Structure formats: structure tokens, C-alpha cells
Amino acid sequence: MNVSKKLYAYYLIWPALLIYSIFFVLPALAGLYYSFTDWRLDRDTIKFIGWDNFERIFTDRTLLLAIKNTAIFAVVTVIGKNLLGIALAVGLNMRLKTRNLLRAVFYSPSILSVLVISIVFTPMLRSDGTINRIFEAVGLSSLSQAWLTNPAIVIWTVAAVSIWQHTGFQMAIYLAGLQSISKEYYEAATIDGAGSWRSFRSITLPLLLPAININLMLTLIGGLKVFSEVFVLTGGGPGNASQVVGTIILRSFGEGSWGLGTAVNTLLFAAVTIIAIPLLIFMRRKEVSE
Amino acid sequence: MSTTSKKIATGLLAGIMTLSLAACGSGNTGKNNAQATNGGGGADNGGSGGKKVTIELALSKSSQDSAFVAQDVLDEFEQKTNIKVNLQLLPAEQTATVLQTKLAVDEVPDLIQYNLASATTDLNLERNFEILDNEPWVSRLLNKDVLSAYDHIYSFHYSQDTGMQGVVYNKDIFKDLGLEIPKNYEEFLAVCEKIKASGITPVFMPFKDNWAANIWPAAAFADWAAKNDPTLFDDINAGRKKWSDIPEFATFLDQQYEVYKKGYTNTDILSDSYDMAVGKFLNKETAMMFMGDWLIVNVAEKDPNVHLGLFAIPTSEDANLGASPLGGQLFIPKKAKHMAEAKQFLEFLASKEVAQKMVDSQGSVSNFSDVTTPKLPDYKQEIVDQYITPKKTTLTTDAYMIVDRSELYRLLQDEFAGGLDAKGVLKAWDEKFSQLMKDKGVEGF
């Protein structure tokens, strides 16, 4: 094949590259620039102010609380969604008569809008809501809580709702991973006398690593970028108790501090990149091939 | 895949594609309609040369019952001028953000319903909105102040009422229990105690909506300042004094918190929202609420037999009633695409006939010299007699703040969530206030 023919293939990339540059690269670069400015609604001029916005992020206690909450949400949901996702996938990979129905049941919350979830859960999580009434009915009234208005637990509650909603999606990816594992490995392990746990640990988990990697990435990035769950369930409250980086960005724009808002957004982008890429590389190295 | 399955899949795919194309088509049509230029017909006295024009009016979804956007008013305007008013209903909690973004990217509606005090802090009034000093209806205004900022008229309204803020109370419950309107905080607690003993919740606090927690302090702070330190807000806005410098402010916040701690309120104050309030009063589940007189209008619309009134927040002896600078005025952005038509809409609303119809239906105090103020509803007449005529009203704190107040509302909510005490609220607000003023470029910060 001559050089011009080889290059011809690359010409086809140009339209996509152009659109990608216009709609992603340019806005991202503009955002990076504006994060170093005092861009505000009420100012006619935009001034370059260096690292001021970033300094402010790390000295403002609400912003620091938001960063802490985002970290808690990300860690809790990554662990919850993946552990439960694997457990559900393994359970529903067995020969149950109702497994298709159950798969659909567990998957269905993930296709609902967060707004719908909020409408359903908000009354359930009130002090006099369904959850607390169930606790009272089974004699566990000491566990009753103001789930969405107690500052100490509100972010954990939001994380739990998110786990409830999205675990089915993670389960679907794990199911696909499980179904790609050859049954011969399990047959050989059974002949060698391996029990269920040993088979799971030595066969399922290693061969499921590609699916685990995908899910870890998805849940981690989703967790760090959390916005809608917090916004619709608590609005970042009570007070600022459940603010996360996403809601702080909205708040900054609402206050007219657009430079600060873009700085927080830039920081979020950097944090996701710095955390996600090394993790992805590390996990890829652990993968084994069949 | 079997042949049948393939046929089903192909059919589905074709269906989806058809729907997608139809959706794209309808989207364009909608946009064209919204942007305005097609069509013809209609009346011939419009300002758009016989061509049908659609102007966009953006307002918060919570204001959709505004008299300006009553369907019969919009229909009459369209019939007379061939100008259609298209409403953009913005989510209540995002109205400021959406409008700020629209103004920033020049995707401006032709009219905005907002309130004057917040427009000065949230929307950069001077830069973004048209000065209306030379509009024909201005010469008929009785009170220009309620529509003015920076010595110019920036907004439109047919009424000169400002929202009155205090304690909305159920007169029937008070009468049944033989209660008098409390004149100070101790009397207020005694009233709460008696109402509680009767099995009714004395006060409904819907503090899921954090702005509702500001009604008490907004009136109390302003009343104290007016009586004890008239230049206080000027000093605060110049950085010479801080909010936490006034010990009475912490006392007022403590008082509101104490009403909750003593069990005189609904249990789940941080889960209950303002939209539940009308139901609470209709069902006589609650006797009082710290709110504006708009709540009384909302309840009366549902049941005129529920008799509500308003008294001043009883933080101290002989307190004044809070007069809110807020309200729902109309503004025209400088970059409105249909400026002439938007002004024509204001002229239509200001016409003697239309304005009279609106003040009559709303029981408002007219702001036009040739429009007669109707007989006021009982609650409003009482406010006029007891507070406005004897000059016992004070503009609430919001009137003096030139920065976004939402962080203060969050801090107030935080007090009830147990995160901060009253002094902590004021200290945290001092920090945020200082930062916001600095961002705004105000000298002294």
C-alpha cells in the first residue's frame, strides 16, 4: 500500500476531529483559561488573577467540606455498587427459574430518572417516613434517623440511594463478564475438589477483572462527578452539609462567580484524571487472559 | 436471528428513526414559533406591521399564577396587537442561575419577571436592563420608588404593594382559644404554649426551603437597625461593621431557634417545604407561620372561609411589620430581540382598563393615578390600618443587601440542622459576605 493510500484513511477522521475540537477541546481550553480569571456576572472586564481562585477553593470551608463529601460519596458508591453488583451477578448467573425476571427487576432502577428516584425516596426518608416506620414495626426504632436532614449522615444516605439505583447497571456488566468465562474452568476445579469460594476466588475474580476494571472506572468517575443525586435529594443541604463539588460549581455560578465556578470545574477534571488514569493502568496490569 | 425477529427489529428501527426525524422537525417548528416571525392575520393595529410576532417572557415556575401572565390578559393582548407572549417557565430554584446564563450569552428573553431587589444583586440591573423612564405610563405613576433603582425606573408593576412580612396567623384559632396578638417575645411564647395545649401545631416552619428561615431575621434585624442604629446597613455595606458585631442579631436568631426547640413547630422542619403551607392552614393543622402576606392570598384562593391575618414578628416590644422589597416586577433586557413589542406589552398592561381589571382581581393598591384602588380584602385593610397608616413598617434586611443572599439562607438552615449556633451563623455569614463584597469590587472589603 502506498503512502497516499495510507493517509487516505486518516482523512476520514478529520470531520470527527473537527467536531470534537469545536465542541470539547476548545470549550475545555476556554474553561481552563477562565479558571485563572475573575470572570463575574457584574463585571464588564475579565482580569487574569493567577492562582487566586484555586487558593480560595482550598481555604473556603464549604468548598473543603464539598471535597470531603465528594470523596466519601465516591468511595462509598464505588465499594457498594461493585460489591453488590458482583454478588447480584453471581447469584443471577445461577440456574434460577426466575433469574431473567430478577435481572430485569434489579436493573430497572438504573433506567429511572434521578428525579423520579428523588420523588419516591424523599417521603420515605423523612423522620416519619416509610423507612423509619419499618424500623419501628420490627422493634428497631433506635435505628430511626432524619435520613436527609441530619448533617452527620446525609451524604451517606444519598450514597445509599445512588447504590440502590445503579447497582443493577453494574450487575449487568458483571453478568456479561461472567458469561464470557468458560465453564470448563469450573468443571476442572470441581474435579480437583475446589469448593464454591475457592472457585470464585481463583477463577471467577481473576477472569472477571476486565469487567471489574470497567465498573471501577465508571463508578469512580461517576462518584467524583456526582451532582444530580445530591441536587434533587438535598440541594446540598441541610445548610451546606451535603454539598459536593458538583453542587458547589452550580452555587458559584449562581453567585455570579463564574471564574471560581470554572476553577472548581477544572479542579474536578484534574482530580478525576489524576485518580482514574493511574488506577486504570494499575488494574489493567492485574488482568489475566484466559 | 430468525426472519421474524429480523422483521420485527427492522420495523422497530424504522419506527424509531421516523420518530427521531419527526422530533427533529417538531423541534425546529417550535423554535421558529418561539423566535417569532411567521404567520399573519390577526388585528391590524399591532406594532409589528401585520406580521405575527412572538415575544418571550421568562419567569419562575413559582410565579406562574402572576396576574401579568393570566391567560385572558395574554389572549386580549394577542388579539389587539397580533403579538403573542410565549412563557418560559424556569425552575424556581434555578431561576437566578438560568437568567444569569441567558443574559451572559445574549440569549435573552424579551421580558423577565423578577423582583427589583434581587435583580440589583443577581442580574446586574444597570448593565442588563432597559431604563423605562420615558415610557408613556410613567407619568401616571403614583409611587415611582417601588419600581426604581439607581435613580431610574427599571421595572413595571400596576400595584405599589410591597409584600408584607410577619407572622401569618389563623384568626379563628386565636378567637376560639381567646388569644390576643402577642406584643413581645414572651407573649408570643405564651401564645404558642396555649395553641400547643389545644393540640394544634403553633408554628409551621417549612425550612426545607431555606429562604423561609430568613423571614424572622429579615424583619427583626431591620426593625432593630431602624430603631437603634439607622446607618447600620450603610456601615455593614462599607465594611465598617460586621453582622456579628450586633449581639441583638444573635438573640433574634436564638429566638427563632427556641420556638423550634420548645416543640412549638412541626417535627420535620427541614423536610417540610413552603408548598405544604397552604394545606396546613386549610386543614387547621397549624395556627401561625413566619411568612409574607402572599400566603394569605394563596390560602384565600383555595378557601375564602379560612380567615388569616398578619402581625409583626414579635422579637421585641412594639415591633414594626416587615415590608419586603421583593415582588414580581417586569423588566426588559437591553438586548431583547423584540424591544418595541415588549414595551408595547407593558403599555397594554398599564392601560387604564387592563390595570383596573388587575388591581380589582388582586385587591391591590393601584400605582396609577387614573386607576382606582378597590375595596381591600380584610387582611390587607387591617395591615393598612394597623401598620401602614401609623407608619409602623420597616423595609426588611433584604432591601439593604447588594450581594447574593443564598449562603445566609443556608447558614440559617444549618442552625436548625445543629451545625451552627446563632453566633456561628453570623460569623460564617461575615466571612461569606466579605468575600462576596470583595468579588463585587466594593470598597472597604
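No lab work stands behind these numbers, since they all come straight from the coordinates. None of these values were measured; they are calculated from a predicted model. As a convention, Cβ positions derive from the backbone with ideal geometry for all residues, glycine included, and neighbour counts pool all protein chains shown.
May I ask for the distance between the Cα centers of region A:244-275 and region B:230-300, given as a whole number of Å?
32 Å
My understanding is that a pair violates if its Cα-Cα distance is over 19 Å; which of B:K241/B:K261; B:K175/B:K391; B:K196/B:K284 do that in this structure?
Numbers: B:K241/B:K261 31 Å; B:K175/B:K391 27 Å; B:K196/B:K284 13 Å.
In this structure, B:K241/B:K261; B:K175/B:K391 exceed 19 Å between Cα atoms.
Shielding of A:256-263 by partners, i.e. mean partner chain Cβ atoms within 10 Å per residue? Please report the intermediate quantities before stating the final value.
Values: counts 13, 5, 3, 1, 2, 0, 0, 0.
Partner-chain Cβ atoms within 10 Å, mean over residues of A:256-263: 3.
Cβ neighbours within 10 Å, averaged per peptide: list A:178-188, B:71-81, B:278-288 in order, most packed at the top. Write out the running numbers ahead of the final one.
Values: A:178-188: 12.5, B:71-81: 15.4, B:278-288: 19.1.
Those peptides, ordered most packed to least, come out B:278-288, B:71-81, A:178-188.
Would you please put B:239-249, A:132-142, B:203-213 in order of how densely packed they are, using the mean number of other Cβ atoms within 10 angstrom per residue and starting with the highest?
On the way: B:239-249: 16.2, A:132-142: 12.0, B:203-213: 24.4.
Ranking, from highest mean packing down: B:203-213, B:239-249, A:132-142.
Give me the net charge for the shell around A:A160: Cβ to Cβ below 13 angstrom, other residues only, Lys and Arg +1, Asp and Glu -1. Don't skip to the answer; put the middle values down first.
On the way: positive: A:K81; negative: A:E229.
Once positives and negatives cancel, what remains is 0.
Given the -39500 (n - 2.57) contribution per DSSP H run of 4+ residues, what per-residue ellipticity at 222 nm results for chain B, rounded to the nearest 500 deg cm²/dmol?
Details: 17 runs with 194 residues, N = 445.
Rounded to the nearest 500, the figure is -13500 deg cm²/dmol.
At a Förster radius of 22 Å, what calculated FRET efficiency corresponds to the Cβ-Cβ distance of A:R284 and A:V25, to the nearest 0.05?
Details: r = 26 Å, r/R0 = 1.17.
Calculated transfer efficiency: 0.30.
What does the average come to when, for each residue of peptide B:265-272, you count the partner chain Cβ atoms lying within 10 Å of its Cβ? Present the calculation step by step, with values, prior to reporting the outcome.
Values: counts 0, 0, 4, 7, 2, 13, 12, 2.
Counting other chains' Cβ atoms within 10 Å and averaging over B:265-272 gives 5.
How large is the dipole of chain B about the Cα centre if only Lys and Arg carry +1 and Asp and Glu carry -1, each at its Cβ, rounded to the nearest 20 debye?
The dipole of chain B has a size of about 1300 debye.
At 7 Å along the Cα-to-beta-carbon direction for both A:S108 and B:E126, put a label point, then send me their distance in nm to one decimal.
Spacing of the two 7 Å Cα→Cβ label points: 5.9 nm.
Order these by the 10 Å Cβ neighbour count, fewest first: A:I212, A:I274, A:I203, B:I402.
Numbers: A:I212 21, A:I274 10, A:I203 18, B:I402 15.
By the 10 Å Cβ count, ascending, the order reads A:I274, B:I402, A:I203, A:I212.
To make sure I understand, if each residue's beta carbon is the centre and we count other beta carbons within 10 Å, what order do A:W51, B:W137 fall in, fewest to most?
Numbers: A:W51 11, B:W137 21.
Starting with the residue having the fewest Cβ neighbours, the order is A:W51, B:W137.
Can you list the lysines whose alpha carbon sits under 22 Å from that of B:K343, skipping same-chain ones fewer than 8 residues off?
B:K51, B:K52, B:K80, B:K84, B:K102, B:K144, B:K334, B:K335, B:K352, B:K357
Would you work out the charge dipole size for region A:93-138 about its Cα centre, treating the Cβ of every Lys and Arg as +1 and the Cβ of every Asp and Glu as -1, and quote it to the nearest 20 debye? Mind showing how you got there, number by number?
Values: 6 positive and 2 negative charges, 83 e Å.
Dipole size: approximately 400 debye.
What ranking, highest mean first, results for peptides A:163-172, B:337-346 when packing means the other Cβ atoms within 10 Å averaged over each residue? The partial results should precede the final answer.
Values: A:163-172: 22.3, B:337-346: 20.3.
The most tightly packed comes first, giving A:163-172, B:337-346.
Go ahead and run the numbers for FRET between A:L83 and A:R61, Cβ-Cβ distance against an R0 of 35 Å, rounding to 0.05. List each step's numbers first, then the result.
On the way: r = 33 Å, r/R0 = 0.93.
Efficiency computed from Cβ-Cβ geometry: 0.60.
Give the share of C-alpha pairs in each 20 angstrom bin for the protein assembly as shown, from 0 to the last occupied bin, in whole percents, shortest bins first.
Computed distribution, short to long bins: 14, 41, 33, 11, 1, 0.
Using a Cα-Cα cut-off of under 16 Å, which lysines could be cross-linked to A:K81, ignoring same-chain neighbours fewer than 8 residues away?
Cα-Cα hits under 16 Å: A:K225.
Averaged across A:36-44, how many Cβ atoms of other chains sit within 10 Å of each residue's Cβ atom? Could the numbers behind the result be given before it?
On the way: counts 0, 0, 2, 1, 4, 13, 15, 5, 2.
Shielding by partners across A:36-44 averages 5.
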